[in-house]
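Structure record follows, encoded as structure tokens.
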Amino acid sequence: MAKGYRPVDRDQAFLFPPDMREWLPAGHPVHLVITAVADHLDTSAFHAARRTGGAGAAGYDPDMLAAVLVWAYAHGITSSRRIEELCRTDVAFRVICGGNLPDHVTVARFRSAFPGAVAAFFAEVLVLCARLGMGRLGTVALDGMKIAANASKAANRTEEGLRKLAREAVAAHAAADAAEDELFGEGRRGDEVPEDAWNPRSRDGRIAAALADLEAERRAAGQEQAARAEGFRERQRAGQRTGCSPDAAAVELAGEKLARVMAAQQAKIDDWQARNAASLARTGRPLRNPPRRPAGEHCRVREAAAQVEKARARAAEAERRAAEKEKNRKGPGPVRNITDPDSRLMPVRGGGFIQGYNTQNMTSEDGLVIATGLTADPADCQAFEPMLAKGEQAAALIDAHRLAASPGPDSPGQAGGGIGLALADAGYCSEANLTCPGPDRLIATGKHRDLEKAARGQDSGGDRGGPAIRAMRERLKTEDGIAAYRQRGHIAETPHGQIKHNMGIRQLSVRGNPAASAEWKFICAVHNLFKAITTGNLTLQALAGLAS
């Protein structure tokens with residue numbers, strides 16, 4: 001008989017298995033996620049944010065909601081509405097929910113508790129991975145990654161633009177008040193300021209926050225300049241080498257020096273005149289060698305006055321260059337975003353900018369993100385020391401919960417003792433980062449191709465930088481140094497590729513640094529959990545072994 005087509009009978013009645021877990025194969029990773037979250041992770045921080053008791057319908061189990069979000073983020077789904085849809089239509093989500101159908105409001109409210117709960121959840125996942133034998137700390141790598149915020153570049157405004165928006169908002173509120181007074185009468189409910197005028201989460205509040213941040217940045221810059229000038233003065237008073245005076249205070253410092261020199265010279269003249277008057281009264285004869293010129297004409301005073309004029313000329317030239325730079329600048333200058341005032345314009349590889357944050361991740365040899373952070377600073381250098389401290393704390397946590405099995409020869413760091421070697425690229429290179437307390441480290445002093453050339457003896461690499469940078473440059477020329485640094489790429493970059501390309505997360509879904517930091521830490525916890533699953537360390541048999 002010739003082959004035809006299989007019938008499509010949509011009226012056929014089916015009997016589903018009585019156990020909904022049988023809707024998916026036994027080896028499906030969703031079963032591992034459910035078991036790990038429900039039985040092996042302490043989710044009390046999520047429970048603490050939920051209300052129980054009293055009148056009303058029963059709430060959703062936080063363990064179930066946490067498992068839903070873990071599974072959703074692992075597959076690049078961050079929209080609460082999309083998660084609600086999948087809880088109704090996707091078999092894996094339905095198995096996690098166990099017959100419950102949380103709506104998007106429930107999911108969004110649960111996620112709003114992230115800032116207070118995710119740090120503990122991240123640590124719990126790290127502990128679970130350590131108990132499963134993961135977390136090789138012989139060599140770790142620190143790297144930054146730019147990620148888009150839940151905000152548009154088009155929502156950036158200059159300080160003048162923000163002030164204009166604030167004036168327009170005030171005028172709009174005043175007009176609304178006047179209209180409501182006319183409609184309802186003065187003293188009635190209609191004369192109250194609209195809610196969005198005081199709600200800190202409103203657009204007006206974000207405008208005010210953005211303005212305050214710009215003003216704080218300007219004050220901080222002024223305070224930094226004043227601190228440099230005061231440090232210069234302290235070195236002067238202590239007789240230490242001062243170097244060049246700070247540009248911003250050069251005129252003031254030169255004027256202070258002129259006043260000191262003038263006062264010293266005038267004091268000499270006054271002293272001679274006093275002694276001369278005493279001599280005339282006593283002997284009737286004046287002293288010899290009278291001052292030949294006024295204090296203002298003394299050579300040292302004229303030299304100090306010339307330094308004042310030079311400082312003024314330099315300041316005027318600096319102002320002219322700054323004005324010219326401002327005139328020729330293509331961008332708008334310092335801006336803040338009125339959608340997410342905590343986010344910043346971040347340069348990305350290949351050119352251009354995104355509105356986002358700079359994430360910092362410290363990764364172990366076997367691909368676990370052991371420490372993470374999120375900043376609004378486009379540069380990486382300032383994050384090295386705090387991230388190194390976080391990495392050491394995470395290493396102590398991993399060592400404390402590691403399985404008692406003896407380490408193999410190819411598993412450095414498995415026996416405990418913290419981080420063996422920390423690797424970082426040239427964005428973290430500074431004297432302070434090379435000399436701060438912590439484990440041994442290799443920080444690139446230039447681009448990777450230049451390091452390879454120097455290691456082959458084709459290029460000396462120069463002698464720029466302080467003693468620590470020069471010593472690091474020489475160390476990276478050695479065979480052991482360059483071989484160790486070559487591990488940085490695959491250790492540091494692999495989690496970034498996994499999160500962006502495999503998990504599909506290229507943008508955060510919440511706004512504000514506290515919420516965005518918590519969401520990023522949750523993303524890293526999901527990465528770690530699925531790293532344990534895909535490497536075969538997290539299995540039902542392994543979890544059963546932990547329970548026993």
(request) Using only protein heavy atoms and a 1.4 Å probe, report how much of R475 is accessible, in Å² to the nearest 10. (result) 90 Å²
(message) For a quick check of understanding: with a 1.4 angstrom probe and all protein chains in place, what accessible area in square angstrom does R511 have, to the nearest ten?
(response) 120 Å²
(request) Find, among the chymotrypsin sites (Phe, Trp or Tyr not before Pro) in segment 87-146, those assigned to loop by DSSP (not H, G, I, E, B) with at most 11 other beta-carbon atoms within 10 angstrom. (result) none
(message) Quick check: Cα centre of segment 1-47 to Cα centre of segment 335-368, how many Å?
(response) 38 Å
(request) Go through Y60, Y428, Y5 and list them by solvent-accessible area, largest first, probe radius 1.4 Å. (result) Y5, Y60, Y428
(request) In nm, give the distance between the simple-model label positions of E234 and D271, each being 7 Å from the Cα along the Cα-to-Cβ direction. (result) 3.1 nm
(message) For segment 1-103, report the % of Cα-Cα distances exceeding 22 Å.
(response) 44 percent
(message) As a test question: what accessible area, to the nearest 10 Å², does H28 have when a 1.4 Å probe is rolled over all protein chains in place?
(response) 50 Å²
(request) With a 1.4 Å probe and all protein chains in place, put T89, T339 in order of accessible area, largest first. (result) T89, T339
(request) Starting from the residue with the highest accessible area, list K3, K390 in decreasing order, probe 1.4 Å. (result) K3, K390
(message) Just to confirm a number: summing +1 for Lys and Arg and -1 for Asp and Glu over residues other than G356 whose beta-carbon lies under 15 angstrom from that of G356, what do you get?
(response) +3
(message) If you roll a 1.4 angstrom probe over the protein chains with everything in place, what fraction of the accessible area of segment 52-120 belongs to carbon and sulfur, to the nearest %?
(response) 48 percent
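Heavy-atom accessible area per residue, segment 439-513, 1.4 Å probe: how many Å²?
Solvent-accessible surface per residue comes out at 54 Å².
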(request) Describe numerically, in nm with one decimal, the distance between label points set 7 Å from Cα along Cα→Cβ at A278 and at K453. (result) 7.3 nm
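The values are calculated or read from the model by the stated rules, or taken from the named source; none is laboratory data. Since this is a predicted model, take the numbers as computed values, not measurements. For neighbour counting, all protein chains shown are included, and Cβ atoms are generated from backbone atoms with ideal geometry for every residue, glycine included. Accessible surface is based on the protein model in full, side chains and every heavy atom, while ligands, DNA and RNA are left aside. Shrake-Rupley method; radii C 1.70, N 1.55, O 1.52, S 1.80 Å.
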